[in-house]
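Encoded as structure tokens, the structure appears first; notes follow it.
The values are calculated or read from the model by the stated rules, or taken from the named source; none is laboratory data. In this text, all values refer to a predicted model and were calculated from it rather than measured experimentally. Please note: Cβ atoms are built from the backbone with ideal geometry, for glycine as well, and neighbour counts cover all protein chains shown. For accessibility, only protein heavy atoms count, side chains too; no ligands or nucleic acids. Shrake-Rupley method; radii C 1.70, N 1.55, O 1.52, S 1.80 Å.
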Amino acid sequence: CSLVGSEMCIRDSAGHEFQLQVIEGLVERGANVVVSMEQFERDVQGVVNDYLAGRISEEEFLEHSRPWKNYQKHYRPIVEFAKSNKLPVLAGNVPRRLAADVSKKRQIQKSDKVYLPRNSHVPRDEYWERFQESMKGHGGTGNGNDEMMMNFYTSQCLKDDAMAESITDYLDTNGHQPKVVVHLCGHFHSDYGFGTAIRVLQRRPLTDICVVTMETIPEKGEPEIEQACARGHFVFWTVKNQNGQ
């Protein structure tokens, strides 16, 4: 069983607290939980493993794992919970330098190709249409039909396939017990069942997928329930007050 969760804007602390609560709740219920993270890249999996096993210090871990800028506030509690409870953590994302190479059509170094997904596809489907819509206003992407837009989309798909492959490879090689994989990613990677979610199913068709998406609304606002519910199986709303918290 694989639970694919999507998160809101990285500035929203309530969403990250909810992520930890989901993981804690699953562990309390006795599930064999695996945490998969977009926020760490495949080439630092060994560093992540060493830290979880206590072979290196947190200082060494942070020095070599290229954590996101908001790691201390938003992701450290999840990693520390995983460490304390001996939960595997998958560094699922393609290294950002390779994603940048793809988006700029640069040749990837031979030594880096091991971190690429074995298979990646770039469908011209609803996901492509939604990607173009989301990129409107980004500098250089033109009207959504130019080469730069396609390069960015190819990079997006590469990340989706890398994360999906990391999840399914783990499940395939550790199949002696049912696992619940909680995958933490930006909402575009899993909303509407696209992105990483569908690519997990393409690799492992019998996997159970649950998409949890998140929305932030103004303090006096009302959630657009019908529209939001189309994005996932469950929707978690947080309310932003006048101070932006």
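So here's what we get for this one:
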| item | result |
| --- | --- |
| Scan of the range 21-52 for residues that are farther than 19 Å from PRO67 by Cα and part of a helix (DSSP H, G or I), ordered by number | GLN21, VAL22, ILE23, GLU24, GLY25, LEU26, VAL27, GLU28 |
| Selection within the range 28-52 - touching a residue at least 40 places away in the same chain (Cβ under 8 Å) and among the hydroxyl-bearing types (Ser, Thr, Tyr) | SER36 |
| Residues of the range 94-109 that turn out to be in contact (Cβ under 8 Å) with a residue 12 or more places away in the chain, of a type in the set (A, V, I, L, M, F, W, C) and not in a helix (DSSP H, G or I), as a count | 1 |
| Residues located in the range 79-92, provided they are open to solvent by 10 Å² or more (accessible area, probe 1.4 Å) and part of a strand (DSSP E or B) | LEU90 |
| Single residue of the range 155-197 satisfying the filter (in a helix (DSSP H, G or I) and free of Cβ contacts under 8 Å to residues at least 12 places away in the same chain) that is most open to solvent (accessible area, probe 1.4 Å) | THR173 |
| Any chance GLU24 is exposed (fewer than 14 other Cβ atoms within 10 Å of the Cβ) and at pLDDT 95 or above | no |
| Leading residue by the ranking (least open to solvent (accessible area, probe 1.4 Å)) among those in the range 198-226 that are in a helix (DSSP H, G or I) and touching a strand residue (DSSP E or B) at 6+ places or on another chain (Cβ under 9 Å) | VAL200 |
